[in-house]
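The values are calculated or read from the model by the stated rules, or taken from the named source; none is laboratory data. These figures come from a predicted structure and were not determined experimentally. All Cβ positions, even for glycine, are placed from backbone atoms using ideal geometry, and neighbour counts span all protein chains on display.
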Amino acid sequence: MEVVPLATATDVARLAADTIEALVRRRAAAGTPAVLGLATGSTPLATYAELLARRGAGTAPSYEGVRTFNLDEYVGLPPGHEQSYLATIRRELTDGLAIPPERVHGPDPTPDTLPLAGERYEQEIRDAGGIDLQVLGIGTDGHIGFNEPGSSLASLTRIKTLTARTRRDNARFFGAEDDPGGVPHHVLTQGIATILRAGHLLLLATGEAKAAAVAAAVEGAVTASCPASALQFHPHASVILDEGAASRLTRLDYYREVWAEKPDWQGL
Ligand code: PGA
């Protein structure tokens, strides 16, 4: 695992955008467009805004042929609800990058087919050749995707029930800061094993509220009680942090040194 402690959330967004663009260019040059795994939530929004700004400035790569796969989706929202993660990712990123909707994938929460939704999503990811790079946030309880503490480290895409804490954390997206009443109880999420199959994991965390979860994930024991700790099993996981999110790491000086001394050619 490579831990990259940066100063600000803007630095995190720039490095994440650099990494995504480098992959898109590399895969386009190889003739096989990139397959991106995308996260929703607040943290990646600055990265997505950076990617769109670069496109606006004419410096972005072409996203022609790129496919995207969301990490997760709410179950039980009316079709087309603006807080559905498919609607969110289109609004915040893929429409602006001119990635057509048929190349933008998410777990399908249609009630009639829910029991099949997990396996179908796994198949869609396999059919696309697997995810090259998966963007991840981390919950204050250590979840990745919507794999709440206790999720099997071997899990695949399936339905999960959100914890009260996650529903409270997400209430702000539903217009109620403290009242989780409008937040669905159920979700479909890529499993931890699904996430670990991606070629490169890019976990982004900003702000002190994430510091304890980041420390547990990076320096704690691997345990289903902290799903993000499963990243310790991945051969290519990058954890990009601002000062607040890195503030409880005990090996912070070492991570800073590794980053400062990193050869230019190496990239993330
Ligand atoms: P956030 O959520 O980026 O909105 O803090 C992260 C997560 O719950 O995975």
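Evaluate the following for LEU201: is it surrounded by 23 or more Cβ atoms within 10 Å (Cβ to Cβ), in contact with a His (Cβ under 6 Å, 6 or more places away or on another chain), at pLDDT 95 or above and of a type outside the set (Phe, Trp, Tyr)? Give the steps one after another, and end with the answer.
Working: surrounded by 23 or more Cβ atoms within 10 Å (Cβ to Cβ): yes; in contact with a His (Cβ under 6 Å, 6 or more places away or on another chain): yes; at pLDDT 95 or above: yes; of a type outside the set (Phe, Trp, Tyr): yes.
Taking the combined requirement at face value, the residue satisfies it.
For the list (1) closer than 30 Å to HIS185 by Cβ; (2) within 14 Å of the ligand (Cβ to nearest atom), I need the number of the one condition that ALA13 fails.
Among (1) closer than 30 Å to HIS185 by Cβ; (2) within 14 Å of the ligand (Cβ to nearest atom), the lone unmet condition for ALA13 is (1).
Can you spot a residue in region 29-37 that is within 16 Å of the ligand (Cβ to nearest atom) and either crowded, with 22+ Cβ neighbours inside 10 Å or not charged (D, E, K, R) (or both)? Talk me through it step by step, then tell me what you get.
So the first thing to find is which residues in region 29-37 are within 16 Å of the ligand (Cβ to nearest atom), and the list is 37.
Filter once more, keeping what is either crowded, with 22+ Cβ neighbours inside 10 Å or not charged (D, E, K, R) (or both): 37.
Yes, region 29-37 contains at least one residue that is within 16 Å of the ligand (Cβ to nearest atom) and either crowded, with 22+ Cβ neighbours inside 10 Å or not charged (D, E, K, R) (or both).
Considering each of GLU2, GLU64, GLU102, GLU92 in turn, give the residue that is within 16 Å of the ligand (Cβ to nearest atom) and at pLDDT 95 or above.
The match here is GLU92.
Checking the conditions here, which among VAL12, VAL24 is touching a Leu at 6+ places or on another chain (Cβ under 7 Å) and assigned to a helix (DSSP H, G or I)? Please lay out each step first, then the result.
On the way: VAL24 fails: touching a Leu at 6+ places or on another chain (Cβ under 7 Å).
Testing whether each residue is touching a Leu at 6+ places or on another chain (Cβ under 7 Å) and assigned to a helix (DSSP H, G or I) leaves just VAL12.
Select, from ALA53, ALA60, ALA7, the only residue that is more than 16 Å from the chain's Cα centre (by Cα) and not in a loop (DSSP other than H, G, I, E, B). Talk me through it step by step, then tell me what you get.
Working: ALA60 fails: not in a loop (DSSP other than H, G, I, E, B); ALA7 fails: not in a loop (DSSP other than H, G, I, E, B).
Exactly one residue qualifies, and that residue is ALA53.
With the requirement that a residue be more than 21 Å from HIS236 (Cβ to Cβ) and either at pLDDT below 95 or hydrophobic (A, V, I, L, M, F, W, C) (or both), what does region 116-138 give you?
LEU116, ALA117
I need every pair where a residue in region 90-119 that is in contact (Cβ under 8 Å) with a residue 40 or more places away in the chain and over 13 Å from VAL66 (Cβ atoms) has its Cβ under 6 Å from the Cβ of a residue that is in a helix (DSSP H, G or I) and not hydrophobic (A, V, I, L, M, F, W, C), sequence separation at least 6 or different chains.
Here the result reads GLU92/TYR48; PRO107/TYR121, each pair linking region 90-119 to a residue that is in a helix (DSSP H, G or I) and not hydrophobic (A, V, I, L, M, F, W, C).
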